[in-house]
1. What residue, of 29, 52, 102, is under 14 Å from residue 153 (Cβ atoms) and either modelled with pLDDT of 80 or more or crowded, with 24+ Cβ neighbours inside 10 Å (or both)?
2. For residue 190, work out the one condition from (1) at pLDDT below 80; (2) touching a helix residue (DSSP H, G or I) at 6+ places or on another chain (Cβ under 7 Å); (3) surrounded by fewer than 16 Cβ atoms within 10 Å (Cβ to Cβ) it doesn't fulfil.
3. Which of (1) more than 21 Å from residue 199 (Cβ to Cβ); (2) more than 21 Å from the chain's Cα centre (by Cα); (3) modelled with pLDDT of 75 or more does residue 133 not meet, given it meets every other one?
4. Surrounded by 14 or more Cβ atoms within 10 Å (Cβ to Cβ), touching a helix residue (DSSP H, G or I) at 6+ places or on another chain (Cβ under 7 Å) and modelled with pLDDT under 85: is that true of residue 37 in this structure?
5. Does residue 169 fit the bill of being surrounded by fewer than 13 Cβ atoms within 10 Å (Cβ to Cβ), out of contact with any strand residue (DSSP E or B) (no Cβ under 9 Å at 6 or more places or on another chain), modelled with pLDDT under 85 and on the phi < 0 side of the Ramachandran plot?
6. Here is a check on your reading of the model: is residue 27 free of Cβ contacts under 8 Å to residues at least 60 places away in the same chain and assigned to a helix (DSSP H, G or I)?
7. Inspect all residues belonging to the range 206-223 and state whether any of them is at pLDDT below 90, exposed (fewer than 15 other Cβ atoms within 10 Å of the Cβ), out of contact with any helix residue (DSSP H, G or I) (no Cβ under 9 Å at 6 or more places or on another chain) and part of a helix (DSSP H, G or I).
8. Scan (1) more than 19 Å from residue 126 (Cβ to Cβ); (2) at pLDDT below 80; (3) crowded, with 21+ Cβ neighbours inside 10 Å for the single condition residue 66 breaks and write down its number.
């Protein structure tokens with residue numbers, strides 16, 4: 001456990017040093033919080049706020065997780081940093097888990113920031129205090145980080161084992177839905193889709209299944225395979 005935390009702390013520090021990643025994440029959070037708040041302000045009801053918070057927190061998390069995963073897995077592999085980690089007295093699985101945890105933390109924090117900003121901006125615009133339902137709070141605090149962990153774990157696994165050419169294709173197929181989620185979810189909010197406990201349960205259950213799959217796949221991590229795919 002201690003070794004995994006050491007890896008996680010190292011990666012989190014690297015992410016925080018990369019001002020471009022942090023600024024971009026905060027900029028997207030602010031922009032889409034403002035955009036979503038306009039739809040909620042027109043309706044002035046909790047249902048609209050719940051829908052906006054549900055989709056905003058998830059879509060921002062997906063985008064930040066995509067950016068963070070590329071930095072802590074792919075860039076370190078491309079630059080040869082992962083070779084140094086593999087020489088340390090730590091298993092590949094511990095490295096993978098530590099990196100995955102590091103990818104969850106900033107993505108989740110930016111997601112929470114975006115949600116809080118949405119609530120504050122909406123309240124300022126409407127002049128009323130609108131708070132999300134308990135289901136949305138559970139979604140942001142439980143379902144979203146679980147989904148991020150599954151996303152980072154699966155994508156990170158692929159980025160570690162695939163060659164650089166295959167990773168370029170993987171990034172293309174990931175970037176389109178990750179970026180599209182930010183815009184597509186805005187249309188869902190505008191239509192006033194109602195979010196219930198069932199939606200939260202489905203997302204959480206699906207995230208647990210994906211996370212379990214990621215953990216099982218981590219058993220197939222191979223130092224030999226990684227070395228042969230390093231640029």
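1. Numbers: 29 fails: under 14 Å from residue 153 (Cβ atoms); 52 fails: under 14 Å from residue 153 (Cβ atoms).
After ruling out the rest, the residue left standing is 102.
2. Here residue 190 meets the rest and fails (3).
3. (1)
4. Values: surrounded by 14 or more Cβ atoms within 10 Å (Cβ to Cβ): yes; touching a helix residue (DSSP H, G or I) at 6+ places or on another chain (Cβ under 7 Å): yes; modelled with pLDDT under 85: yes.
Yes, satisfied.
5. Details: surrounded by fewer than 13 Cβ atoms within 10 Å (Cβ to Cβ): yes; out of contact with any strand residue (DSSP E or B) (no Cβ under 9 Å at 6 or more places or on another chain): yes; modelled with pLDDT under 85: yes; on the phi < 0 side of the Ramachandran plot: yes.
In short, yes.
6. On the way: free of Cβ contacts under 8 Å to residues at least 60 places away in the same chain: yes; assigned to a helix (DSSP H, G or I): yes.
Yes.
7. For the range 206-223, residues at pLDDT below 90, exposed (fewer than 15 other Cβ atoms within 10 Å of the Cβ), out of contact with any helix residue (DSSP H, G or I) (no Cβ under 9 Å at 6 or more places or on another chain) and part of a helix (DSSP H, G or I): present.
8. (2)
The values are calculated or read from the model by the stated rules, or taken from the named source; none is laboratory data. The structure presented is a predicted model; accordingly, all values stated were derived computationally and were not measured. Note: ideal-geometry Cβ built from the backbone for every residue, glycine included; neighbour counts use all protein chains shown.
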